[in-house]
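Please read the structure below before turning to the comments.
Each value in this text was obtained by applying a stated rule to the coordinates, not by laboratory testing. It should be emphasised that the depicted structure is a prediction, and the values quoted were computed from it without experimental measurement. Here Cβ is always computed from backbone atoms with ideal geometry, including for glycine, and neighbour counts include all displayed protein chains.
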Amino acid sequence: MATYTLISSNVLASSAASVTFSAIPATYTDLVVRASIRTDRAGNNIDLLKLVINSNTSGVYSQTVLYGTGSAAASTRISSGTEFYYDFINGAASTSNTFASYELYIPSYTVSQNKPMSSFSVQEDNLSSARINADANLFSSTAAITSLTYTSNNAANFVSGSSFYLYGISNA
């Protein structure tokens, strides 16, 4: 049975432009990030979450994205990107005091091969345009994952109350 161990957490007491998990230990089999996120992006109820791994922005990110709003669905593909984009987190115009849910699963984060991973995010909102996102991601690097940095793609800040948790998983 898998055992989850909290490696690090960051619950924001004030706004922040970024959240970084650094010096991630190589003592687990897999990693999971769980977050509840909202930004101060003005005039919009949707923002984009951006992830850079190991400070690497050299075109090693690929994604297949499925998304929907309840009334429409679509997909997109990104190859050779300089970061991962996770759509549909809450912006300033979202329903008050609502936060998007996000989870990233990274299996075998220390092995010397490319790193496939999956993510899921849901924008929480009372509007008919609230969205859901599922991603298949590939980090094309053989380096062990030692840091994760999250920012808003729109240069917004994560607001107070946003929370980020990094877990290590050990298979027993």
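With N as its number of residues, the chain has a Cα radius of gyration that, divided by 2.2 N^0.38 Å, comes to 1.00.
Using the Karplus relation 6.51 cos²θ - 1.76 cosθ + 1.60 with θ = phi - 60°, the per-residue 3J(HN,Hα) values for segment 100-109 come to 6, 9, 9, 9, 10, 10, 10, x, 6, 6 Hz, with x marking Gly and Pro.
Ordering MET1, MET117 from the fewest to the most neighbouring beta carbons within 10 Å gives MET1, MET117.
Among ARG38, ARG131, which comes first, then next, by fewest other beta-carbon atoms within 10 Å? Display every interim value, and only then the final one.
On the way: ARG38 26, ARG131 21.
Least to most surrounded, the residues fall as ARG131, ARG38.
Under 5 Å from the amide H of TYR28 lies no amide H of any residue 5 or more positions distant or on a separate chain, with H modelled from the backbone and absent for Pro and chain starts.
Among residues other than MET117 whose Cβ falls under 11 Å from its Cβ, what is the net charge (Lys/Arg +1, Asp/Glu -1)?
Working: positive: LYS115; negative: ASP30, GLU103, ASP135.
Result for the local shell: -2.
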